[in-house]
1. For the structure I just gave you, tell me whether Ala369 is under 26 Å from Ala288 (Cα atoms) and either modelled with pLDDT under 85 or under 33 Å from the mean Cα position of the chain (by Cα) (or both).
2. Mind listing whichever residues of segment 97-113 are touching a residue at least 60 places away in the same chain (Cβ under 8 Å) and not in a helix (DSSP H, G or I)?
3. Of everything in segment 71-96, what is in a loop (DSSP other than H, G, I, E, B) and either in contact with a Lys or Arg (Cβ under 6 Å, 6 or more places away or on another chain) or not β-branched (Val, Ile, Thr) (or both)? Give them in sequence order.
4. With the condition kept exactly as written, say whether any residue in segment 375-386 is at pLDDT below 90, out of contact with any Asp or Glu (no Cβ under 8 Å at 6 or more places or on another chain) and closer than 30 Å to Asp295 by Cα.
5. Could you list all residues from segment 191-231 that are in contact with a Pro (Cβ under 7 Å, 6 or more places away or on another chain) and either modelled with pLDDT of 70 or more or outside the structural domain of Thr132 (by the TED database) (or both)?
6. Any idea which residue in segment 330-344 is farthest from the chain's Cα centre (by Cα), counting only those that are in a helix (DSSP H, G or I) and surrounded by fewer than 16 Cβ atoms within 10 Å (Cβ to Cβ)?
7. Can you give me the number of residues within segment 251-285 that are farther than 22 Å from Thr162 by Cβ and buried (at least 18 other Cβ atoms within 10 Å of the Cβ)?
8. Conditions: (1) crowded, with 18+ Cβ neighbours inside 10 Å; (2) modelled with pLDDT under 90; (3) over 24 Å from Ala319 (Cα atoms). Leu429 meets all but one. Number of the miss?
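The values are calculated or read from the model by the stated rules, or taken from the named source; none is laboratory data. Bear in mind that the values here come from a model prediction, so they are computed numbers and not experimental data. Cβ sites come from the backbone with ideal geometry, for glycine too, and all protein chains shown count toward neighbours.
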Amino acid sequence: MGWVVVFIVIAALAFKASTPEERLRLIRALRGLLLNARAVAARNLEECRPFHDALRARVRWPIATLAIVALNVAVFLAMVFGRGAISDPETLVSWGATFGPRTTNGEWWRLLTSMFVQPGLLALLVNVAGVTQLGLVLERVVGRLALVSMYLTAGIFACLVTIVANPVTVSAGASGAIFGLYGLLIACCIWDLFRPSPVPIPLVAVKRILPAAVIFVLYNANNDNVGTAAEFIAFVIGFGSGLVLTSGAGDRQPAPRLLGAMSGGALVIAMVAAVPLRGIADVRPEIARVIAIEDQTAPVYRSAETRYRKNQISASMLADLIELKIMPELHQAGARLAAITGIPKDHQVLMVDAQEYVRLRYESWRLRAEGLRRTAAPVLRRSDGAGLAAEANWRDRVQSQYRTNQIMLGRAEGTERASLEVLDRIRPLNHN
């Protein structure tokens, strides 16, 4: 919500730059607006009294609405007093938030629980206000079962769309479910325009809901936790289902058979939509293991190389360290990366870079080990020759081997640099 901060800063600067007389006029104008808004609110409340009395006559206690609110608040309080920061994605996931690799690998229950996990106090306040305002009306117009069914159905489909759009993003909150309730409310209002109802939703009641609705929409428009596509789909589901369920809501609540059929149909559609999403992989833990191999083996090799330069170990022993310790670990890491399936689009580039790093780093170690082996191998004098010519031939072969070794070690250095450049690309991405 950066634009809100910008607006507040600009308003504060403008207020500070104004003269005392201008500030006084502004304060008086704001006071007048507040008094006028208070008077309008009181008048609207009085005009809505017959409508609310009629609703209370139909359903005295909005139990479903209160239960949804209580569950959201209870989970949030448990998170506050539990372990981990609420803003930490790991904390949200531990409490039931949606995360593609977890949800699509057997934890489908997260489609339900995520809509009761709020990622912050502001999200809780906005969502609770939305649910309360809508639920107090809708539960009494369409009934408890229809309200709960729409809340859960819209929330589930919003979660599925979020997984499709952002498979490796942690998603939590009830915005999708509440957008579904807004769609249901609009469907009720449309039926009231075309079909007389004993309990029509008056325009003044809609106006009372409008300010909170605007705040809710603006908050979610600036919140990346749930994508706009997910909220739009949830709204369409609520609106479309509402047109079917609320055609006679003024006279009676939706028939249980109709409600059950629609809920069952929605469940089947959700299951069909979830099938292609199964098995989304989270490549980051495996890539973290690859990075850990570099962080662990590089210091070990440098220490051994220092001992080699001090003639404490031989070149063959240094090559053994590479071939018996370092290269097998990289080979196993490459095999694990190649075995991963279901890689989300957001991580495909990350995976390609990780595999390229393993390939280059393995090759750099192979070249280095081969160079060390050649260095350790002595150039033998031929037994069939003697004299100055044989000595010159032997020296030529020594120099040739030395140049070959240096070229090979130089290739090892170049390949190592290339691999570490790729590693630098995957290090920051691995923490996203």
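1. The answer is no for Ala369.
2. Scanning segment 97-113 gives Ala97, Thr98, Phe99, Thr104, Asn105, Trp108.
3. Looking only at segment 71-96, we keep the residues that are in a loop (DSSP other than H, G, I, E, B), and these are 82-88, 95-96.
Across segment 71-96, the qualifying residues are Gly82, Arg83, Gly84, Ala85, Ser87, Asp88, Trp95, Gly96.
4. Step one: of segment 375-386, the residues at pLDDT below 90 are 375-386.
Restricting the remaining residues to those that are out of contact with any Asp or Glu (no Cβ under 8 Å at 6 or more places or on another chain) gives 375-386.
Now narrow it down to the ones that are closer than 30 Å to Asp295 by Cα: 375-376.
Scanning segment 375-386 turns up at least one residue that is at pLDDT below 90, out of contact with any Asp or Glu (no Cβ under 8 Å at 6 or more places or on another chain) and closer than 30 Å to Asp295 by Cα.
5. Keep residues of segment 191-231 that are in contact with a Pro (Cβ under 7 Å, 6 or more places away or on another chain), which gives 192, 225.
Asp192 - this is the single residue of segment 191-231 that is in contact with a Pro (Cβ under 7 Å, 6 or more places away or on another chain) and either modelled with pLDDT of 70 or more or outside the structural domain of Thr132 (by the TED database) (or both).
6. Of everything passing the filter in segment 330-344, His331 is farthest from the chain's Cα centre (by Cα).
7. 4
8. (1)
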